[in-house]
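> Here it is, the structure in full.
The values are calculated or read from the model by the stated rules, or taken from the named source; none is laboratory data. What you are looking at is a predicted structure, and each value in this text was computed from that prediction instead of being measured. When we count neighbours, we look across all protein chains shown, and the Cβ atoms used for this are built from the backbone with ideal geometry, even at glycine. Surface accessibility is based on the protein's heavy atoms, side chains included, excluding ligands, DNA and RNA. Shrake-Rupley method; radii C 1.70, N 1.55, O 1.52, S 1.80 Å.
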Amino acid sequence: MSVLEMKHLESFVAVAEEGSFTRAALRLHITQPPLSLRIKELEAALKVSLFDRTTRRVRLTAAGQVFLERIRATMQSL
């Protein structure tokens with residue numbers, strides 16, 4: 001993926017805020033597989049892991065926390 005799209009950023013914020021791919025998918029009105037793909041595409045484009053994933057929860061990495069703060073500021077300015 002060479003271009004970040006708004007859907008990738010919105011998906012990232014939803015997962016970060018919900019702490020769950022399932023709840024984020026419901027919030028975004030999409031199914032979980034496309035949401036997971038968006039996050040993988042975003043991480044590949046940025047060349048960094050944004051989330052630590054377990055079978056029970058999703059947590060932001062340090063890089064994910066910084067990215068979330070920057071994305072929120074950017075989205076507010078838009």
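> How big is the chain by Rg and Dmax over its Cα atoms, in Å?
For the chain, the Cα radius of gyration and maximum Cα-Cα distance read 11.6, 35 Å.
> What percentage of the solvent-accessible surface of the chain, computed with a 1.4 Å probe over protein heavy atoms, is contributed by carbon and sulfur atoms? Don't skip to the end; give the middle numbers.
Numbers: 2680 of 5170 Å².
Carbon and sulfur atoms account for 52 percent of the accessible area of the chain.
> Also, I was wondering about something else. Where only protein heavy atoms count, and the probe is 1.4 Å, what is the accessible area per residue for segment 1-60 in Å²? All intermediate terms of the calculation are to be shown ahead of the outcome.
On the way: 3860 Å² over 60 residues.
Normalised by residue count, the accessible surface of segment 1-60 is 64 Å².
> Let me ask something additional. Quick one: which residues, 5+ away or cross-chain, put their amide H under 5 Å from the amide H of residue 60? H built at 1.01 Å from N.
It is 52, by chain and number.
> Still on this structure, please answer the following. By how many nm would the segment from residue 77 to residue 47 lengthen if fully extended, with 0.36 nm per residue of separation less the alpha-carbon distance?
On the way: separation 30, 0.36 × 30 = 10.80 nm, distance 2.52 nm.
Taking residue 77 through residue 47 to full extension adds about 8.3 nm, to one decimal.
> May I ask you to order 36-48, 10-22 by the average number of other C-beta atoms within 10 Å around their residues, highest value first?
10-22, 36-48
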